[in-house]
Structures are given as C-alpha cells and as structure tokens.
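Down below is the structure, laid out as structure tokens.
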Amino acid sequence: MSGLSAKEQEGFRKLMGLLTTSDLLSLSDTVTNKLIVVENVTEATETILSFSKNAEELLKRKKIQRDIIFKYLAKEGVILSPSSDKRQLIEKTLEYWSSGKVSSGKNRQSDTDDTTEAASDSTDKFEAGFDPLTLGHQFCLWFFQLLNSQNPTLNQQPQDWGTQHFWPDVKLCLFARAGSEQMEDFLGAELVSLRLLALSREERLVFSPNLEPQGLKALASPHGLVIVAVAGTIHRDSNCLGIFEQVFGLIRSPLMNNNWKIKFIKLKIRGLDALGGTGVAAPALNYSSTDLQLLCSS
C-alpha cells in the first residue's frame, strides 16, 4: 500500500512525466529492488507510487534531479529562486502538496507541448528535463523582485542584494537613450552590483518585465551558458518613463551547489521621447534567436 497521499500521488505523476523513459524505468527498479518487472511508462509510474514509503524519500532519489523538481514547480506556478538547491526545492514541493493546491494532471501533456513550442530554437539539454525558458521565466521573477525591493518608494523590505549573485568577472553594458545617449561599461561583481543597485535605490526606477512569449526568450549553449533576454517597462512613482531590454548570461557555479550566477548583463533603456510615441504597455523583444545565439558564442 502506498505511503503517499492522493495529492502527493497526483503531484508525482506530473513530476515523473518530466523524466526520460530510461530514468523512469531505472527509478522503478531502484524503488522495488528489481522485484517488479514493468513494461511501459504507466506501469513504472504506478509501481513507483505503490512501493514508495513517503514523498520526501521519493523526491530524494538520485533520478529525480534538482532541475526536474525545479521545472515541475515552475509549471505549477510556484515562485522560487533559481539558486534554490535540491533540499530547498523538496521542502517547497512538500509544502505545496500539503497545501492542497495541486492542479489536475489531465492537461499535463498539452502543457508540456506548449512549453516546448514557446521555448527558444536551441535544442541543447544540460540534463533530462532542463528547459532554458522555464529557467528564464523563474530567473526574471526572482531578479526583478529582488532589484525592485531596493527601491525606497515601494515601501518593501529590501531583499538580499549583493555581489553573491554575480561572477567575480561579471560585465555590465548599460546603454540609455533618454534625451541624450549614454553608454557605460562596468566590470567586476562589486561595480556591477552597485550600479544596478543605484538604478533602483538612488534613481528610484521600477522595472516591470514582460514575461509573455513576445517579451521573453531564452536558450542554452553546449558550454553551460544560458542566455535570458527580457523586455519591459520602466517606471518612477506613477509615471512610465520608457522601456528596457535586458540580456543576462547565466552560468552555474560548481562551488555554490551548482547555483546560477550572472556572468554578463546588457541593458538598453529607451525613454518615451526616443520611442516616437509608440505603445509601451507590453514591449516586445527586438533580439532574435540568432542574436542570442551570437551572444552564446561570443
């Protein structure tokens, strides 16, 4: 008899749908000590659920990798930091399941197809279940919430901003066109961190990213670099000042539990006077997938 609740079983069915067939069959062998022979994905899934003692034990299995849990939670709309380690993701998953908010798995396959279609042209996979667009979406939610929290006009508790989110040799290229053109380059975690912080804390800008398909792109290189590009609007108080396009280069740090850290940032800001009266409600990216692929290889 399964030691999993109905909500946990429903959640696991969706989560295990992100595993490769070989990993799922291997997981079934591990859970049953190879005492049960399964012939297909459905049998393997039900066998795993039946023979698992509890949800935490199953989530800790090696075949259920960190990125699988991360992608599952992202698909469920659970907001979390892209730097979360597997232990933190397990805790978040158990908390989510115990809340009773798990959605039905009936549309899981169509949801997966939609994500695949909306993803970038890159087919590079770091490991089973890795999706650059899912990472990009979660990263942008985390990054802009973190940056905007430094703005004193929002009356929020400032979150943990600092050099720890950047590689030591990170580079920031900032281009602004608002009346006059201004271009600045900053190198190093300290300078980049302080310049971005000043945008929010001193200049009191609020960044509102457009995370719909036309405003967000992401792709991965074979060398471990993930490019995330996002467009959005910039505000101060109740005024919309213009739009921005921002490209991030992300690389995992093996010394920091494989957490993602920022390698470079390209930020373009255009004021309303530079837009020629065009709409700014939901700006679209001007970067094409080809542009981002060039950044991957540069």
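The values are calculated or read from the model by the stated rules, or taken from the named source; none is laboratory data. As the structure is a prediction and not an experimental result, all values here were calculated from the model. So basically every Cβ, Gly included, is an ideal-geometry build from the backbone, and we count neighbours across all protein chains shown.
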>> Ile79 - would you say it is farther than 23 Å from Gln138 by Cβ, surrounded by fewer than 18 Cβ atoms within 10 Å (Cβ to Cβ) and modelled with pLDDT under 85?
In response: no
> Condition test on Glu8, is it without any contact (Cβ under 8 Å) to a residue 60 or more places away in the chain, acidic (Asp, Glu) and assigned to a helix (DSSP H, G or I)?
Replying inline: no
> Are any residues in the stretch 28-66 farther than 18 Å from Trp97 by Cα, in a helix (DSSP H, G or I) and of a type in the set (D, E, K, R), and if so, which ones?
Replying inline: Asp29, Glu43, Glu46
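Counting only residues that are part of a loop (DSSP other than H, G, I, E, B) and surrounded by 14 or more Cβ atoms within 10 Å (Cβ to Cβ), which one in the stretch 86-111 is modelled with the highest pLDDT? If you could, list the steps in order and put the result at the bottom.
Step one: list which residues in the stretch 86-111 are part of a loop (DSSP other than H, G, I, E, B), which gives 99-107.
Filter once more, keeping what is surrounded by 14 or more Cβ atoms within 10 Å (Cβ to Cβ): 102-103, 105.
Working: Val102: 59, Ser103: 53, Gly105: 44.
Ranking the qualifying residues of the stretch 86-111, first place goes to Val102.
Which one of Glu39, Glu43, Glu56, Glu10 is surrounded by fewer than 18 Cβ atoms within 10 Å (Cβ to Cβ), modelled with pLDDT under 85 and not assigned by TED's automatic domain parsing to the domain that holds Lys261? Before you say what the answer is, go through the steps one by one.
Values: Glu43 fails: modelled with pLDDT under 85; Glu56 fails: modelled with pLDDT under 85; Glu10 fails: modelled with pLDDT under 85.
Matching residue, one of Glu39, Glu43, Glu56, Glu10: Glu39.
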> What number of residues within the stretch 155-203 are more than 21 Å from Arg252 (Cβ to Cβ) and either in contact with a Pro (Cβ under 6 Å, 6 or more places away or on another chain) or not hydrophobic (A, V, I, L, M, F, W, C) (or both)?
Replying inline: 18
>> Condition first: farther than 30 Å from Glu203 by Cα, surrounded by fewer than 20 Cβ atoms within 10 Å (Cβ to Cβ), at pLDDT below 90 and not basic (Lys, Arg). Can you find one or more residues in the stretch 133-154 that meet it?
In response: no
>> Of all residues being part of a strand (DSSP E or B) and surrounded by fewer than 18 Cβ atoms within 10 Å (Cβ to Cβ) in the stretch 187-218, which is nearest to the chain's Cα centre (by Cα)? Just the residue, please.
In response: Ser208
> Counting just the residues of the stretch 165-186 that are out of contact with any helix residue (DSSP H, G or I) (no Cβ under 6 Å at 6 or more places or on another chain) and surrounded by 13 or more Cβ atoms within 10 Å (Cβ to Cβ), which one comes out farthest from Ser81 (Cα to Cα)?
Replying inline: Ala178
> If only one of Thr42, Thr32, Thr47 is out of contact with any helix residue (DSSP H, G or I) (no Cβ under 9 Å at 6 or more places or on another chain) and β-branched (Val, Ile, Thr), which one is it?
Replying inline: Thr42
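For (1) surrounded by fewer than 20 Cβ atoms within 10 Å (Cβ to Cβ); (2) among the basic types (Lys, Arg); (3) assigned by TED's automatic domain parsing to the domain that holds Ala284, each residue gets a yes or a no:
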{"site": "Val226", "(1), (2), (3)": "no, no, yes"}
{"site": "Ala229", "(1), (2), (3)": "no, no, yes"}
{"site": "Thr233", "(1), (2), (3)": "yes, no, yes"}
{"site": "Ser238", "(1), (2), (3)": "yes, no, yes"}
{"site": "Glu245", "(1), (2), (3)": "no, no, yes"}
{"site": "Gly249", "(1), (2), (3)": "no, no, yes"}
{"site": "Asn259", "(1), (2), (3)": "yes, no, yes"}
{"site": "Lys263", "(1), (2), (3)": "yes, yes, yes"}
{"site": "Leu267", "(1), (2), (3)": "yes, no, yes"}
